[in-house]
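Any read-out appearing in this document is the output of simple, stated calculations on the displayed coordinates, not a laboratory observation. All values reported here derive from a predicted model rather than from experimental measurement. Don't worry about glycine lacking a Cβ; one is built from the backbone with ideal geometry, like all the others, and counts go over all protein chains shown.
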């Protein structure tokens, strides 16, 4: 009886550990693999009462991947898909006339998990502002409400 | 000499189905006009896509439960995992792993239900699992069409709360607010496993892409099956597959072991469907799982397996031959008869006709063996 009880207690503990490991793996896969639409906005912007002028021209490298570096001019907006919440952005501000490098700004960004899409201000980043987020015009934090234009006859069924 | 003749005769009879398919393929391939490079690439892609699903059928066969048409339940569980992962925008390998983890409890519950039902239908497992697949398909369609969405179709009285599984991505949900769209683009998951580690090999004038990571996973699964057969649980399943009454007398928990076999098969079918859909790149929400069971079982039987015996070699031979017919028949039919559609009808007729013959032959052989042993017991010549 005692041996049987010990074996079944051990089995129960192993099963709980396996389930806990799977849950932990699932949470980590979610955090590692979550993709976000990040809008890079290079317009002149006012954030927290401060004015930030747009960068005239520059190249942006995300996470050191120079093959996927892209150019931005003033008033540009670019949408990039980023996997995971933490990224490093390198902005090379370039003189458009002679292609000389003016300065390089490196910034670590953390994307909010509660949003599907974020808008980051390149202007604020090049001016080394603390807050670089601007309201995203394409995304509403509230869930989309679909009005009951055509409810079924007799109303929405209940159980 | 007589022994060799007997051996050859026995080999030809035991492997009649794959031999017929090899002969048909040898006839159809030159007619189709496809290059060997193209055919090799297609077969490698289809092997990577389908092998996992077909391998999931081996465990119920080992346990004497026949061909598990209920694997479609696992396919549905895998699809629900993919829907949720697509809604949450989890991409790449993490997305596939997360989809697999989400599908596990769903597949386990469905497999448990299937196993219990099959325990009440001993001797008629195949047709029971086939019909059970249709029943669960109805529940799946109800859930996916009415209970998933941005808003719910049903409401809990007095609370005003909707009964729904929240999916908030408007690209997935129908315009009415609930129900998943017919086709879901798995952009973030497309070829995630195939491209993780890939070789490009020159083959004549073409370049063959070999999805090494997918094949590594399939190889791992094969090793798992070989190892599983040697465990106590695997041996119990084999004992049950040979004779349930003897296994029961030996103290094996027959019903519990049969349920475990179906649960494992259903979960592996869920993983197989995820691998299948990541290769395709698009999921037909209401149709992708329909033919999963039929095609997988057809492939296994074409590989020379029977209702009571199947090996890993049967899986790979069967998938190759079955899908080779898929690829070459339309063009071969067009060259021979003038219409590609007739070639397709010919493929369907030959593929499923041969499977029907194989099943009938198997049933006849078993009847003959039982009669022979009865005659032996009665002492008749």
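In nm, to one decimal, how far is the residue B:174 label point from the residue A:93 one, both placed 7 Å along Cα→Cβ?
Distance between label points: 5.4 nm.
Which three extents, in whole angstrom, do the alpha-carbon atoms of region B:189-335 cover along their principal axes, largest first?
That works out to 61, 37, 35 Å along the principal axes.
Against the 2.2 N^0.38 Å scaling, with N counting residues, where does chain B land? I'd like the Cα-based Rg ratio to two decimal places.
For chain B, the normalised Cα radius of gyration comes out at 1.08.
As an exercise, find the ratio Rg/Rh for region B:1-88 from alpha-carbon atoms, using the Kirkwood inverse-distance average for Rh.
1.14
I'd like the per residue volume of the convex hull spanned by the Cα atoms of region B:296-356, given in cubic angstrom.
63 Å³
Rounded to the nearest angstrom and ordered from largest down, what semi-axes does the equivalent ellipsoid of region A:36-134 get from its C-alpha gyration tensor (root of 5λ)?
Working through the eigenvalues yields semi-axes of 20, 17, 11 Å.
Taking the radius of gyration and the Kirkwood hydrodynamic radius from Cα positions alone, what is the Rg/Rh ratio for region B:140-265, to two decimal places?
That ratio is 1.20, to two decimals.
How much length is gained on full extension from residue B:116 to residue B:187, taking 0.36 nm per residue of separation minus their Cα-Cα distance?
My answer for the length gained is 21.8 nm.
For the protein assembly as shown, divide the Cα radius of gyration by the Kirkwood radius and give the resulting Rg/Rh value with two decimals.
1.06
Using 15 Å as the cut-off for backbone N distance, which residues of region A:93-118 belong to the label zone defined by a point 7 Å from the Cα of residue A:74 along Cα→Cβ?
Zone members listed by number: A:94-97.
For region B:71-146, take N as its residue count and report Rg(C-alpha) divided by 2.2 N^0.38 Å.
1.23
Just how many % of Cα pairs in region B:147-194 lie over 15 Å apart, if you round to the nearest whole percent?
Tail of P(r) above 15 Å: 52 percent of Cα pairs.
Once the Cβ-Cβ distance between residue B:363 and residue B:146 is put in as r, and R0 is 35 Å, what FRET efficiency do you end up with, to the nearest 0.05?
0.25
Divide by every residue of chain B the summed helix terms, -39500 (n - 2.57) for each DSSP H run of at least 4, and state the resulting mean residue ellipticity at 222 nm, rounded to the nearest 500 deg cm²/dmol.
Value at 222 nm, helices only: -23000 deg cm²/dmol.
Given a Förster distance of 60 Å, report the FRET efficiency between residue B:208 and residue B:246 from their Cβ-Cβ distance, rounded to the nearest 0.05.
Efficiency computed from Cβ-Cβ geometry: 0.75.
First measure r as the distance between the Cβ atoms of residue B:159 and residue B:20, then evaluate 1/(1 + (r/R0)^6) with R0 = 56 Å and state the FRET efficiency to the nearest 0.05.
With a Förster radius of 56 Å, E is 0.35.
Just to confirm my numbers, what's the Cα centroid distance between region B:177-241 and region B:314-343 in Å?
23 Å
In nanometres, what is the gap between the two model label sites at residue A:130 and residue A:43, each 7 Å from Cα along Cα-to-Cβ?
2.6 nm
What spacing in nm lies between the two simple spin-label points modelled at residue B:348 and residue B:39, each 7 Å away from Cα in the Cβ direction?
Simple spin-label model gives 2.4 nm for this pair.
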